[in-house]
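Structure first, commentary second.
The values are calculated or read from the model by the stated rules, or taken from the named source; none is laboratory data. Remember, predicted model here, so these are calculated numbers, not experimental data. Here the Cβ positions follow ideal geometry from the backbone for every residue, glycine too, while neighbour counts run over all protein chains shown.
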C-alpha cells in the first residue's frame with residue numbers, strides 16, 4: 001500500500017470511527033436524561049446502542065481488502081480518555097453481542113420435587129430456569145464516566161481526521177500521479193479564473209455532490225428500505241500558499257472568497 005492509498009484508508013476509517021463514537025457519546029448523554037424514568041425498554045436499549053456504537057471502530061472488522069481497527073495510540077493522549085473505561089466498554093460489548101452473556105453469566109436451573117420413602121428416586125414437582133443479561137448501569141455516575149470518555153474520544157478522532165484530510169491533500173499535491181490513478185469519479189465544476197493578487201470566487205458546495213450519496217443495500221423485496229444516519233466532515237483549503245506543479249511552475253494560491 002502506497003502513502004496515498006494509506007491516507008485514503010485513514011480518512012475512511014476515521015469518518016466511520018467519528019460517526020460511531022459521536023453516536024455513542026450522544027447515547028450515553030441520552031441515558032443521563034432518562035435516568036429518573038426507570039424505563040425498562042428505553043434505558044437498556046439506549047445503553048446497548050451506545051456500547052455497540054462505541055466498540056465498532058475498535059474491532060478487527062472486514063473492510064475492502066483487509067481488516068481495520070481504529071488505533072488508540074493518539075486517542076490515549078486526549079484529555080478525558082480512560083483506558084479502564086475503554087476496555088470495560090469493549091468487554092461489555094462482547095457480553096452483549098459476541099457471546100450473548102453465555103461466557104460470563106450462565107443460566108441456572110432448579111429442580112424441586114419429592115423423594116419416595118426408602119428410594120433414591122425424585123419426582124419433580126417444579127422446575128425453574130433463571131437467566132440474567134446486562135441491562136444498564138445501576139449508577140448514573142457510571143454512565144457519566146462513559147459519556148465523558150466517549151466525548152473525549154470523539155474530539156480526539158475528529159482532530160485526527162482533520163489532520164488525515166490535510167495529509168491526503170498534501171500527498172495529492174506531491175504525488176498527482178497516485179492521486180489521479182484509478183479515480184472512480186470526476187466532475188467538472190467549471191473554470192475558476194485566477195488573477196495576480198487573487199480573485200473573488202464562490203466555490204460550489206461540494207458536500208452535496210452526488211458522489212457522496214453512497215449506495216445502500218437493496219431490501220425492496222422485503223420492504224421499502226431503511227433510514228440511514230449520515231455524517232460529513234469537510235475541510236476547506238483557501239491558502240494563501242504557493243503551489244508547485246509537476247512541471248515546476250509556481251502559483252500563488254490565495255483566493256478571496258465572495259460572500
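How many residues, within region 182-238, are at pLDDT 80 or above, exposed (fewer than 10 other Cβ atoms within 10 Å of the Cβ) and more than 30 Å from residue 160 (Cβ to Cβ)?
7
All but one of (1) at pLDDT below 95; (2) part of a loop (DSSP other than H, G, I, E, B) hold for residue 76; which doesn't?
Only one criterion is unmet by residue 76, namely (2).
All but one of (1) touching a strand residue (DSSP E or B) at 6+ places or on another chain (Cβ under 9 Å); (2) not in a helix (DSSP H, G or I) hold for residue 71; which doesn't?
It is condition (1) that residue 71 fails.
When the residues of region 9-53 are narrowed to those that are out of contact with any helix residue (DSSP H, G or I) (no Cβ under 8 Å at 6 or more places or on another chain) and closer than 21 Å to residue 67 by Cβ, which ends up modelled with the highest pLDDT?
Top of the filtered list is 19.
Go through the residues of region 82-90 one by one and say whether even a single one is within 26 Å of the chain's Cα centre (by Cα), within 26 Å of residue 155 (Cβ to Cβ) and not in a helix (DSSP H, G or I).
yes
When residue 128 is evaluated against the numbered criteria (1) more than 24 Å from the chain's Cα centre (by Cα); (2) at pLDDT 95 or above; (3) surrounded by 10 or more Cβ atoms within 10 Å (Cβ to Cβ), which criterion, by number, is the only one it fails?
Going through (1) more than 24 Å from the chain's Cα centre (by Cα); (2) at pLDDT 95 or above; (3) surrounded by 10 or more Cβ atoms within 10 Å (Cβ to Cβ) one by one, residue 128 breaks only (3).
Could you check, for region 8-31, whether at least one of its residues is in contact (Cβ under 8 Å) with a residue 40 or more places away in the chain and in a loop (DSSP other than H, G, I, E, B)?
Checked against the condition, which is being in contact (Cβ under 8 Å) with a residue 40 or more places away in the chain and in a loop (DSSP other than H, G, I, E, B), region 8-31 yields no hits at all.
When you look at residue 175, is it within 30 Å of residue 19 (Cα to Cα), modelled with pLDDT of 95 or more and touching a helix residue (DSSP H, G or I) at 6+ places or on another chain (Cβ under 9 Å), yes or no?
no
Please indicate, with yes or no, whether at least one residue in region 90-98 is without any contact (Cβ under 8 Å) to a residue 40 or more places away in the chain and under 23 Å from residue 234 (Cβ atoms).
Scanning region 90-98 turns up no residue that is without any contact (Cβ under 8 Å) to a residue 40 or more places away in the chain and under 23 Å from residue 234 (Cβ atoms).
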